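The values are calculated or read from the model by the stated rules, or taken from the named source; none is laboratory data. None of the values given here were measured: they were computed from a predicted structure. A quick note on method: Cβ atoms are made from the backbone with ideal geometry, for glycine too, and the neighbour counts reach across all protein chains shown. Just the protein is used for accessible areas: all its heavy atoms, side chains included, with ligands, DNA and RNA removed. Shrake-Rupley method; radii C 1.70, N 1.55, O 1.52, S 1.80 Å.
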Amino acid sequence: MVAPEVPVKLGRILVLLVLLAGLGVYLYEWELPRAAREGKKEKLVGLDKDAVTGVVLTYPDRELELRKDDKGWRLVRPADAPADEAAVKGVVSTLADAEVQKTLDQLPPNLADFGLDKPTVTIKLALKDGSQPPPIVVGKNTAIGGKVYVRKDDEPKLYLTTSSLGFGLNKQAKDLRDKTLLSYNDDDVSRVEIRAENGDTVALVRKDKEAWTVDPGDHPGDPTEVRSYLSSLRSTRAVDFPDDHPDDLGKYGLGQPRLTVTVSLGKNGGATQALLLGAEATLGSQKQVYAKRADQPAVYALGDWTFRTLAKPPSQFRDKTVLGFDPARVGKLAYVRKDGGAVALARVEGKWTVEGAEGKKPNDSAIATLLADLRDLRGADIAAEPAKDLGAWGLDHPDLRITLTDKEGQPIGTVLTAKHEGKPYVMRAGSETVFEARDYMYARLDKQPKDLVEEPGAPGRSTTTAPAAGASPEAADEDQGDEPEEGEE
């Protein structure tokens, strides 16, 4: 008699289900919690970063102490000075975020083997509730694995955490000091005075929110240049602190500073901040310049580029617009080249026409671009003022003469341009100022009349002429060669 197969198969299935259930219980009760524990490592120091109000960092050759009050963090040893908030928070975060990678539950008999007899740094914290966590002693790095040995106070065991802890806590006093020299809101500045050692002074005076004048001369200022200067001045940072209480400012070149920059704040300019720049020095391969605030004793070291950044001539801040105008006002444009090319254009009822050239069609897009380039034309620097001899700049016989008239027939102005000894120059006819121009600005103005006017029957600048019946392809190529490519001069 054959035994029934169905009960046998059902039994096997039940056995498998029991085994799977047991495996599930094992995974749920043991493996998942262990994975969770491994994924969430124990913190080396469990603390709230915002609760820390004191930090003492002790090294073999120095000790740094920082304290936090209502005004923020302050360095109290080895010097009493404002601290760099971000740098101090970085130190606290480095310690608070450190995780225990491994624990050595038995204290080794020889701590020197782990660098803990003479630790690289010992850190002590104070919390706002008055308590103090156990001091953390950092030893040497492991030979492999990127770990560092750590001990908490006198606990009878050691911890291993990532070596980034040691790097993050390795600080000099200058790393933790506030490196800001001047602090202000740009919109509050009413005047900036830049005075050289010989007494020459440049003054920037705010007339309105975005309107400045430049003295000497009471010239209109370039708001972009002024904003850039204020930003550079405000962003100036110390790289070192050579002397907190100097006995002799002369040895730093600050008895008679090479440059003094004074910022006046408020409508009346009653509050001022002044930065003094003195002598240069070389520390190793790095060049520095000494500086100090007028109202504080400490001498700072800055990068030597600071002097070049702040010692600017008045021309730097001048509005160098050659002929500011609204292109919509223009009614006539006369474009004359020294080599004889010329074109006269007039706008009638919003449409451009070519004067004295029947059948020729103006290139509206090219004309709009030219007017926009003229509106945006600014000098790179002031070459001469007053310019008594225009021949010195090639402007007595300019390469280009571009004259604009408004829709009522009133002159807007004439722009003269020339290249002289390889440099481009521009000016407004009748003014006393010659500007050195940038090459690309000059190139954008340097047009041929045919760039502004389309030939009769030509639908556009990229016209292609089909060869006549029987004409050779070479002949067609020669005909097309007379028409320049887009942007060709």
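So which helices of the chain fit the span-like rule, where a helix is a whole DSSP H run, its Cα atoms reach 20 Å or more along the axis, and its mean Kyte-Doolittle is at least 1.0?
5-26
Kirkwood-type hydrodynamic radius, segment 109-150: 11.5 Å, calculated from all non-identical alpha-carbon pairs.
Other residues with beta-carbon under 13 Å from the beta-carbon of Leu276 carry, at +1 per Lys or Arg and -1 per Asp or Glu, a net charge of +1. The lysines within cross-link reach of Lys361, meaning a Cα-to-Cα straight distance under 28 Å and a gap of 8 or more places when in the same chain, are Lys332, Lys338, Lys351, Lys407, Lys447, Lys450. Using Stokes-Einstein with the Kirkwood hydrodynamic radius over Cα pairs, what translational diffusion coefficient do you get for segment 344-405 at 25 °C and a viscosity of 0.890 mPa s, in µm²/s rounded to a whole number? Translational diffusion coefficient: 169 µm²/s. Cβ-Cβ distance of Asn198 and Lys267, R₀ of 35 Å, FRET efficiency by 1/(1 + (r/R0)^6): the value works out to about 0.65.
Protein heavy-atom surface of segment 344-451, 1.4 angstrom probe: 44% of the accessible area is carbon and sulfur, with nucleic acids and ligands not counted. The label-point distance for Asp439 and His397, in a model that sets each label 7 Å from Cα toward Cβ, rounds to 2.5 nm. Each distinct pair of alpha carbons in segment 104-236 adds a 1/r term; the inverse of their mean, the Kirkwood radius, is 20.0 Å.
In this structure, the amide hydrogen of Ala279, modeled 1.01 Å from its nitrogen in the peptide plane, lies closer than 5 angstrom to those of Gly253, Leu254, Tyr290, counting only residues at least 5 positions away or on a different chain. Shown here are the Rg and Dmax of the Cα trace of segment 282-348, at 25.6, 70 Å. Largest first, the residues Trp73, Trp305 sort by 1.4 Å accessible area into Trp305, Trp73. One quarter of the convex hull surface built on the alpha carbon atoms of the chain amounts to 54.2 nm², the projected area averaged over directions. Computed from the Cβ-Cβ distance with R0 of 60 Å, the FRET efficiency linking Ser285 to Asp105 stands at 0.75. With one equal scatterer per alpha carbon and no solvent term, the Debye-computed log10 I(q)/I(0) for segment 34-174 at 0.09, 0.10, 0.14 1/Å reads -0.28, -0.34, -0.66.
Note that segment 152-157 has calculated 3J(HN,Hα) couplings of 9, 6, 10, 4, x, 7 Hz, one per residue in order, obtained from phi through the Karplus relation 6.51 cos²θ - 1.76 cosθ + 1.60 (θ = phi - 60°); glycine and proline are x.
Quick check on packing: order 428-438, 281-291 by the mean number of other C-beta atoms within 10 Å, highest mean leading.
Descending mean neighbour count gives 428-438, 281-291.
Computed across segment 260-410, the Kirkwood hydrodynamic radius from all distinct Cα-Cα pairs reaches 20.7 Å. Counting only residues at least eight positions apart within a chain, or on another chain, the lysines with an alpha carbon under 22 Å from that of Lys118 are Lys102, Lys140, Lys147, Lys152, Lys157, Lys171.
Ligands, DNA and RNA aside, Tyr229 has an accessible area near 10 Å² when probed at 1.4 Å.
In summary, the lysines within cross-link reach of Lys320, defined as a Cα separation below 20 angstrom excluding same-chain residues under 8 places away, comprise Lys207, Lys209, Lys312, Lys388, Lys419, Lys423.
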